[in-house]
Amino acid sequence: MASSTRVTFPNKFLPYLLLAPQLAITAIFFYWPASQAIYQSVLREDPFGLSTQFVGLDNFRRVLGDPNYLNSLQVTVIFSVATALIAMALALLLAVMADKVIRGKGIYRTLLIWPYAVAPAIAGMLWLFLFNPSMGTLAHLVRSAGYNWDPLLNGDQAMVLIVSAAAWKQISYNFLFFVAGLQSIPKSLIEAAAIDGAGETKRFWTIVFPLLAPTTFFLLVVNTVYAFFDTFGIIHAVTGGGPGKATETLVYKVYNDGFVNLILGDSAAQSVILMIIVIGLTAIQFRYVERKVHYG
Amino acid sequence: MIQNNPVGRLIAHVILIIGILIVAFPIYYTFVASTQTLQEILRPPLSLLPGGHFWENYSAALFGGVGRIGGVGVDRLLFNTLVMALGIAIGKICISILSAYAIVFFRFPGRMVFFWLIFITLMLPVEVRILPTYKIMVDLGLIDTYTGLILPLMASATATLLFRQFFMTIPGELVEAARVDGAGPWRFFKDILLPLSKTNIAALFVILFIYGWTQYLWPLLMTNRNDMSTIVIGLRKMISFADADTEWHLVMVTCILAILPPILVVVLMQRWFVRGLVETEK
Amino acid sequence: MANVELTNVRKVYGSSVEAVKGINIAIEDGALCVLVGPSGCGKSTLLRMIAGLESITDGTVKIDDKVVNELGPAERDIAMVFQNYALYPHMKVYDNMAYGLRNRGMPKDQIDKRVKDAAQILELTQLLERRPKELSGGQRQRVAMGRAIVRSPKVFLFDEPLSNLDAKLRGQMRVEIKNLQRQLGVTSVYVTHDQLEAMTLADILVVMNAGSVEQIGAPLDIYEKPASTFVASFIGAPPMNLVPVKADHSGLVLKDGTRIGAEGLSIPATGALIGFRPEDLEVSAGTDTHIGGLALDLKVLGVEPVGAESYVYGIIGGERVVVRVPGRSTSNSDDQLRVIVPKQKLHLFGADGKRI
């Protein structure tokens, strides 16, 4: 029977017309610049922009051998791992607690989802207001407790500040997914475990947490992508990559080398490396999606 | 349902309340600061209760013009951001729903190629192609225009994929019934597909509105003129720790005004937003 | 009102998959034609070709003596009732029925009259303001019918419209559809895999198998004279018993070597199948050979009393058979029975499955 194939409209011309706007925008603003980035990544331009020459993979070699680049790679990894772990751990804790309470579920949810709507850059600024050494109230408290707090001069402290802001903003997103994940676990499984004599903590670690694994894994990828790319605003607004290069992530460096320092070839090579990273992350994400389709 | 003990529930409430404090405190603190005078803000610690300069500060920021951003009022920034967020949300929904419609309900040569071409854009966020994209915008004369702020962000694989996924759940019989009832592709789209997609559109709208409102890198590159700036960029320009003349009370007001509209959208459209978010990503 | 004529209609998917192999059917004006067959036999494809939802590879479809091959579904003046009803979920019952008329640009007052009339006939008047999801399965089915009726088309097409209803409702709706079709007198083509539905509804029954027509005729004619073993075992429940038989120099031999009386049967050299309906067997009290019938020995495997009758399952000549006896059966497992098939109730099929 024909029911397995998709029912369609017989029309030769219309579908192209429908696709045209998206394809046009995609071609002009995605494929053309992306190919330009790849093209420029193998060129070297002289300082005056007068002549260019083909240099093969030289730009890549130089970028990957540059201590500054390796530093920013390290910064990115530390920043991403810390942000993802903190944002997810807090969100999971809150989601499990929200799953437990009977009264006020809706209110808790409403009050916890705000930060999703806050722009990353503004999240950074909010934390900066609290923690900047000259006027931040919390900074004032920390300093009056005798701790030498100055994120504008101390690289580690700057990192703590941007990680806090980045993780803070991401809690609500993770919270919503963990709540959905918890709701999809059949209650009968938990009841069976209770009958089998597992206490509450044990039930969580042996039943609930393993069953949440798909959600957790998915969020891990999403949070990593977030920390890599969407946090540009936080860094630009809060630390500007500094102090020193202590908070210069890969994306910030592409921007900085391209727009501020105007090293086109290097910036393009960095863009291409970033592209490869995104493709890798997306591929991981889709393997996950595929698996879900199989079991779901 | 397993009975959990009252003590456990009490602890849960306490933890949730602490969570809410962490989540809400930075915003509340900024709100408090936005009702204080500049002198009070510069003399920490700040009081935990709002001060008495609410109207003064807000009207000054909204209609007075802020010196550091070339005397442009926050109202102008809010308007720019609103145009950008609405433009992106509506534009994205329109072009994605059309392309998803083409891909699901028609068979034509090159269908899968086009699908993959759209799909792969997922892997090309603006951050990885900053410079060349900027160059194209310059060449097209789109710097400091709404078109420049909106158009390039309108293409989205995510929205197309979401609509595609939803369209595939629509039974083939429904299409056939419509054809027997004399509805062509356009009538089917308008009378049946659009009304059925209502919830999806609403959910996507919330998410895309937030997406547009919170853009940072793109408006940073696309705008030079202060009066074309978005509120987030404007805010960034207003802040300087090195200069003594930063008008912190106005910064705080701007901050609250920048956060408020998207928060309202999220909270008021919570039902759709939560559904949309959890479904878009699956 | 119109007749429907299919001439050498073929459907080929891709380059080689032949789903419908050259079918010829003529349906008279006002008749209800049922296409019946197992799933995958091409009956739905054929229906959808009549509807214009599926292109026609070869041959012609005529509605009202006009070739409609190249017309779209909306231009053929047909209405269709779908298996899952295909009601527009976001529209009220009224709008579901009115949609097709609106698309044709019919004036509002006329639409209103038609919808209300149809609702009256189908007892939907109270439900016009509801949405499909607020209706029961049977009510949805009625709305789907209503949507077809308001159009007063030349032809009704039904694609297994009752298969989603429970058994009781299905019986009820079957009667209603039949009455409605009679009352409106609209030529109809009805697809089902349920032979009972087919038998009770059809004016003309078309039994299909593997893309071809096995037999066309009045339902009872087909029941009484099935043209092939396929038809014999598809129509009727429980199906006709088929016992292979071979002829040798001294008479007839069954599969397990049992010899039976020839009773004037002429069996081809390649062997044959003797067929008899479960209800056509007589259980003989004695062991004497009944005159004018074929006597067979049956070993009872089990008995299923279902109330008004009982099914006796057993083996004849190494082949499983079933016998239908009125009331309760006194037989028990392992009993040996002598059963007799009256000669006029005997069917004979050749080795190729065709009736002899």
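Quick rundown of the values:
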item: Shielding by other protein chains, B:85-95, mean Cβ within 10 Å; result: 1
item: Fewest-first sequence of A:13, C:156, B:167 by Cβ atoms within 10 Å of each Cβ; result: A:13, B:167, C:156
item: Positive-end extreme of charge dipole, chain C - chosen from C:185, C:222, C:245 (charges on Cβ); result: C:185
item: 27 Å Cα-Cα threshold exceeded, pairs from C:11/C:154; C:21/C:343; A:245/B:237; A:253/B:92; C:113/C:178; C:43/C:116; result: C:21/C:343; A:253/B:92; C:43/C:116
item: Highest to lowest packing among B:265-271, B:28-34, scored as the average C-beta count within 10 Å; result: B:28-34, B:265-271
item: Hz values of 3J(HN,Hα) by residue in segment B:131-138 - Karplus curve (6.51, -1.76, 1.60), Gly and Pro given as x; result: 4, x, 5, 4, 4, 4, 4, 5
item: Under-5 Å amide H pairs with residue C:81, H placed in peptide plane, nonlocal only; result: C:157, C:158, C:159
item: Residue C:209 long-range amide H proximity, modeled H, under 5 Å; result: C:214
item: ³J(HN,Hα) computed for each position of segment A:173-185 - Karplus, 6.51 cos²θ - 1.76 cosθ + 1.60, integer Hz, glycine/proline x; result: 4, 4, 4, 4, 5, 5, 4, 4, x, 5, 5, 7, 7
item: Where labels lie 7 Å past Cα in the beta-carbon direction, separation of residue C:152 and residue B:79 in nm; result: 6.0 nm
item: Relative contact order computed over chain A (Cα-Cα under 8 Å; 6+ residues apart), in percent; result: 27 percent
item: Whichever aspartates and glutamates have a C-alpha closer than 16 Å to that of residue B:198, once near sequence neighbours (fewer than 8 apart) are set aside; result: B:279
item: Order of A:205, A:114 - criterion: other Cβ atoms within 10 Å of each residue's Cβ, fewest first; result: A:205, A:114
item: Distance violations [Cα-Cα > 28 Å] among C:255/C:354; A:169/B:135; C:168/C:345; A:105/A:202; result: A:169/B:135; C:168/C:345
item: Residue-span extension gain [residue C:256 to residue C:352] - 0.36 nm each, minus C-alpha spacing; result: 32.5 nm
item: Under Karplus coefficients 6.51, -1.76 and 1.60, residue-wise ³J(HN,Hα) of segment B:5-13 in Hz, glycine/proline x; result: 6, x, 5, x, 5, 4, 4, 4, 4
item: Residues in segment B:36-53 reached by a label modelled at residue A:144 [backbone nitrogen below 20 Å; 7 Å Cα→Cβ]; result: B:36-51
item: Segment B:106-213 - charge dipole about Cα centre, Lys and Arg +1 at Cβ, Asp and Glu -1, debye rounded to 20; result: 180 debye
item: For residues of C:80-93, the mean tally of beta carbons on other chains within 10 Å; result: 5
item: Helix C:137-149 axis, angle to chain C major axis (alpha carbon atoms, nearest 10°); result: 60 degrees
item: Rough spin-label spacing in nm, given labels placed 7 Å along Cα→Cβ, for residue B:169 and residue C:168; result: 3.3 nm
item: Percent RCO, i.e. relative contact order, over chain B, from Cα pairs under 8 Å lying at least 6 residues apart; result: 30 percent
item: Value of relative contact order over chain C, rounded to a whole percent, pairs C-alpha under 8 Å and six or more apart; result: 16 percent
item: Computed helical MRE - 222 nm, chain B, DSSP H runs ≥ 4 contributing -39500 (n - 2.57), nearest 500; result: -20500 deg cm²/dmol
item: Inter-label distance, nm, simple model (7 Å from Cα along the C-beta direction), residue A:206/residue B:63; result: 6.8 nm
item: Residues C:70, C:134, C:309 arranged by fewest to most Cβ contacts within 10 Å; result: C:70, C:134, C:309
item: Average beta-carbon neighbours from other chains, 10 Å sphere, peptide A:87-95; result: 2
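Read-outs throughout are calculated quantities, based only on the coordinates presented, and are distinct from any laboratory measurement. Here the structure is a predicted model, which is why all the values come from computation and not from measurement. Here the Cβ is made from the backbone with ideal geometry for all residues, glycine too, and neighbour counts use every protein chain on show.
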